[in-house]
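Undergrad: Take a look at the following structure, please.
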Amino acid sequence: MSPDTLAVSIFSWHGHRVLSRGDMYKKNLIGKILIDDPVFLAPIMGVTDLPFRRMVKRYGAGLVFSEMIASRQTIEKCHSAIKAREDYAEEFPMAVQLAGCEPDVMAEAARINVDHGAALIDINFGCPIKRVVHKLCGSALMKDECLAARIMEATVKAAKVPVTVKMRLGWDEAHRNAPAMAKIAEECGIGMVTVHARTRNQRFNGTADWEAVRAVRDSVKIPVIVNGDILTPQDAKRAMEISGADGVMIGRGAYGRPWLLRQVMDYLRSGAVTAAPEMDEISRIVREHYDSILRHYGEYQGVAIARKHLCWYLGNLPGSCAVYTEIKTMQDPEAVKEKLAGYFASGKTGF
Ligand SMILES: Cc1cc2nc3c(=O)[nH]c(=O)nc-3n(C[C@H](O)[C@H](O)[C@H](O)COP(=O)(O)O)c2cc1C
């Protein structure tokens with residue numbers, strides 16, 4: 001299916017259209033990108049790589065976001081900083097998230113990623129880590145609305161696909177400017193705003209303030225997505241009710257549960273919580289995800305990268321402590337797979 005032929009629909013959790021197809025085209029909110037359900041996988045550095053995104057997509061997600069990519073690195077070493085065109089095409093529609101503070105560099109990086117098959121470009125105004133904010137990127141841009149606006153304008157102009165923004169509530173308690181930033185974003189032609197409902201200074205501490213997202217929702221007409229601490233289908237519904245947001249973005253809740261977004265979509269549509277996969281399906285998922293990581297990164301790097309995913313999968317399963325303790329120091333992928341197969345066949349799982 002070519003991007004040009006895709007229809008657009010965004011549904012709210014109670015089944016009503018938040019934005020009709022006509023509205024979407026008229027307002028040019030997210031272009032012609034098909035969003036069946038407003039349940040999105042968050043960009044998470046070191047986690048939402050291609051193998052994980054594919055596992056999540058298999059069950060279903062409105063949209064998946066790449067890990068943050070540095071815009072300058074993209075234009076300087078474009079071959080290593082971005083994945084092959086085929087990768088993005090297979091995941092269509094997917095959003096590539098860019099970080100940077102130079103409008104022309106962000107614009108060029110957006111162009112390169114679109115050429116490589118990105119269906120949307122997302123701009124990072126939320127990253128709290130020191131080495132990013134010291135370069136005036138990520139959440140530091142919430143303190144400089146003028147520069148943020150120039151970045152958004154340049155990226156929108158260059159991208160030729162919808163551009164979205166992910167931000168926090170503000171820099172700190174005294175500067176919660178997300179509603180103003182969202183308004184600026186809308187004026188710059190941004191198609192959707194996602195808000196991680198914490199300030200930069202909170203990093204990941206405390207709890208996400210879903211209520212505060214309501215002011216952002218009220219300040220703009222473009223879709224607003226609420227993010228932070230959504231771990232269950234019921235959380236998703238509550239976050240949308242409390243914030244008035246048009247959809248949810250889920251990050252850490254999907255660790256070891258790539259099917260969670262499917263469960264959220266089902267719950268928002270029907271009010272019923274669908275069961276997690278049976279143990280034999282989980283066993284297949286773990287095996288496939290593992291193989292996919294090895295293929296993507298090569299065996300040496302892959303074995304190390306896969307460990308955290310195995311920890312998350314097994315952490316959700318009974319009787320898995322001993323097997324994880326053994327696996328976490330193993331270097332040979334075949335031995336790891338054998339251990340996993342033994343665990344899933346042993347009946348220790350309680351299934
Ligand atoms: C390890 C880690 C890496 C992250 N990397 C990114 C990133 O690259 N880009 C981004 O916008 N947010 C990033 N985030 C923030 C998440 O996208 C999300 O906003 C945050 O985790 C809150 O949502 P959650 O509670 O559903 O995980 C990261 C979060 C974590 C924990």
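The values are calculated or read from the model by the stated rules, or taken from the named source; none is laboratory data. What you are looking at is a predicted structure, and each value in this text was computed from that prediction instead of being measured. We place every Cβ from the backbone using ideal geometry, glycine too, and count neighbours over all the protein chains shown. All accessible areas refer to the heavy atoms of the entire protein, side chains included, with ligands and DNA or RNA removed. Shrake-Rupley method; radii C 1.70, N 1.55, O 1.52, S 1.80 Å.
Undergrad: Where the second residue is within 14 Å of the ligand (Cβ to nearest atom) and open to solvent by 40 Å² or more (accessible area, probe 1.4 Å) and the first is closer than 18 Å to Gly247 by Cβ and assigned by TED's automatic domain parsing to the domain that holds Val165 and lies in the stretch 176-205, which pairs have Cβ atoms under 6 Å and are six or more apart or on separate chains?
TA: Taking only residues 6 or more apart or on different chains, the pairs are Ala197/Asp209.
Undergrad: Among all residue pairs at least 6 apart or on different chains, which show Cβ distances below 6 Å where the first residue, located in the stretch 252-267, is within 15 Å of Gly228 (Cα to Cα) and in the same structural domain as Val226 (by TED's automatic domain parsing) and the second is within 10 Å of the ligand (Cβ to nearest atom) and open to solvent by 40 Å² or more (accessible area, probe 1.4 Å)?
TA: Pairs found: Gly253/Leu231.
Undergrad: Only one of (1) over 25 Å from Glu67 (Cβ atoms); (2) buried (at least 22 other Cβ atoms within 10 Å of the Cβ) fails for Ala174. Which number is that?
TA: Of (1) over 25 Å from Glu67 (Cβ atoms); (2) buried (at least 22 other Cβ atoms within 10 Å of the Cβ), only one is false for Ala174: (2).
Undergrad: Then there's this: Those residues that are modelled with pLDDT under 90 and within 16 Å of the ligand (Cβ to nearest atom), I need them from the stretch 114-128; list them, please.
TA: Correct list: Ala118 only.
Undergrad: With the stretch 1-98 as the region, which strands (runs of 3 or more DSSP E) entirely inside it contain at least 3 residues that are modelled with pLDDT of 75 or more? Spell out the reasoning first.
TA: Details: elements: 17-19, 39-41, 63-70.
In the stretch 1-98, 39-41, 63-70 are the strands (runs of 3 or more DSSP E) which contain 3 or more residues that are modelled with pLDDT of 75 or more.
Undergrad: Sticking with this structure for a sec: Which one is farthest from the chain's Cα centre (by Cα) among residues in the stretch 108-144 that are open to solvent by 10 Å² or more (accessible area, probe 1.4 Å) and over 21 Å from Asn201 (Cβ atoms)?
TA: Across the stretch 108-144, the extreme among qualifying residues is Glu108.
Undergrad: Let me spell it out: the conditions are (1) at pLDDT 95 or above; (2) more than 15 Å from the ligand (Cβ to nearest atom), and Pro223 meets all of them except one. Which number is the exception?
TA: Tallying (1) at pLDDT 95 or above; (2) more than 15 Å from the ligand (Cβ to nearest atom), Pro223 fails exactly one: (1).
Undergrad: While we're on this one: Just one of the numbered conditions (1) under 19 Å from Ala99 (Cβ atoms); (2) more than 14 Å from the ligand (Cβ to nearest atom); (3) modelled with pLDDT of 95 or more is not true of Gly191; which one?
TA: That leaves (3) as the condition not met.
Undergrad: Further, regarding this structure: Given Val336, Val303, Val286, which one is touching a helix residue (DSSP H, G or I) at 6+ places or on another chain (Cβ under 7 Å) and closer than 19 Å to Val56 by Cα?
TA: So the residue among Val336, Val303, Val286 that is touching a helix residue (DSSP H, G or I) at 6+ places or on another chain (Cβ under 7 Å) and closer than 19 Å to Val56 by Cα is Val286.
Undergrad: What is the number of the single condition among (1) within 16 Å of the ligand (Cβ to nearest atom); (2) out of contact with any strand residue (DSSP E or B) (no Cβ under 8 Å at 6 or more places or on another chain); (3) free of Cβ contacts under 8 Å to residues at least 60 places away in the same chain that Lys237 does not meet?
TA: (3)
Undergrad: Here is a list: Arg150, Arg131, Arg111. Which entry is of a type in the set (Lys, Arg), free of Cβ contacts under 8 Å to residues at least 24 places away in the same chain and out of contact with any Ser or Thr (no Cβ under 6 Å at 6 or more places or on another chain)? I'd like the intermediate steps shown before the answer.
TA: Details: Arg150 fails: free of Cβ contacts under 8 Å to residues at least 24 places away in the same chain; Arg111 fails: free of Cβ contacts under 8 Å to residues at least 24 places away in the same chain.
Just a single option satisfies the conditions, and that option is Arg131.
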